[in-house]
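First up is the structure itself, then whatever we jot down about it.
None of the figures in this text is laboratory data; all of them are computed from the coordinates on show. Treat the numbers as computed from the prediction; the structure is a model and nothing was measured. Quick reminder, even Gly has a Cβ in these numbers, built from the backbone with ideal geometry, and neighbours come from all protein chains shown.
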Amino acid sequence: MEVNHLRNEVLENKKAVVAEIQDKVKNSASSIIVEYHGLDVVQITTLRRQLREEGIEFKVYKNKLFQRAVEGTEFEGLKDELVGPNAVAFGTDAVAPSRVLAQFAKKNKKLVLKAGVVDGNIVNAEEIKELSALPNHDGMISMLLGMFQSPIRSFAYAVSQVAEQRAEAEGVVVEETAAEAVAEEATEEVATEAVVEETTEA
């Protein structure tokens, strides 16, 4: 009985891990698999800290459990990469895990980028490197805002120029109108004076 109980407990634990993997791969914006064979404790600790600073979770699973988790799903293509000592970085940002891991791999050649899932699509090592060159979510937002604001600035400048030109034009019209009024008054005064002089002489 004791043996059967332990077996059932182990089986339930494995099922829980498989369900956890499925949930994380499905709901994370990015899940990147790397091989860490050859990294020492200090290097792994440094990598974990860098990932944690970006809000990225770094987990180690048995390859068989990970294979079972993706089997029969749209991510089954990852099974071929699940060989050797692997770890997975899960992030809520689609780019951050690729960026942190790729930068670390440049300085620590023993960390190998293998494959992953980004926004629901399987990516290979080369695609991970390409993703690593992109800005993170905040950086993308800043770029988009810059793109949006440029036309707005241009439009605002154009509107201000039109307003200024209209104001200048209206100012000229007002000045011309005022000048014409003064001229008319002066003409009327001269005409009145002439009539008065003629009347006096008569």
field: Inter-site label distance for Glu76 and Asn4 at 7 Å from Cα along Cβ, in nm
entry: 3.4
message: Tell me whether segment 21-146 comes out rounded, prolate or oblate; compute the Cα gyration tensor, take square roots of the eigenvalues as a ≥ b ≥ c, and use a/c under 1.5 as the rounded threshold.
response: oblate
message: How would segment 32-71 be classified by its alpha-carbon gyration tensor: rounded, prolate or oblate, with rounded meaning a/c under 1.5 and the a/b versus b/c comparison settling the rest?
response: oblate
- prompt: Over segment 54-96, what number does the Rg to Rh ratio reach, with both radii from the alpha-carbon atoms and Rh per Kirkwood?
  reply: 1.00
task: Quick one: what are the phi-derived ³J(HN,Hα) couplings along segment 107-117, Karplus 6.51/-1.76/1.60 with θ = phi - 60°, whole Hz, x for glycine and proline?
output: 8, 10, 4, 6, 7, 10, 6, 10, 6, x, 10
query: Each label point is 7 Å from the Cα along the Cα-to-Cβ direction; what then is the distance between the points at Lys59 and Leu134, in nm?
result: 2.3
statement: Among Lys79/Lys109; Lys15/Lys79; Lys64/Lys129; Lys15/Lys62; Lys24/Lys79, the pairs whose Cα-Cα distance exceeds 21 Å are Lys79/Lys109; Lys64/Lys129
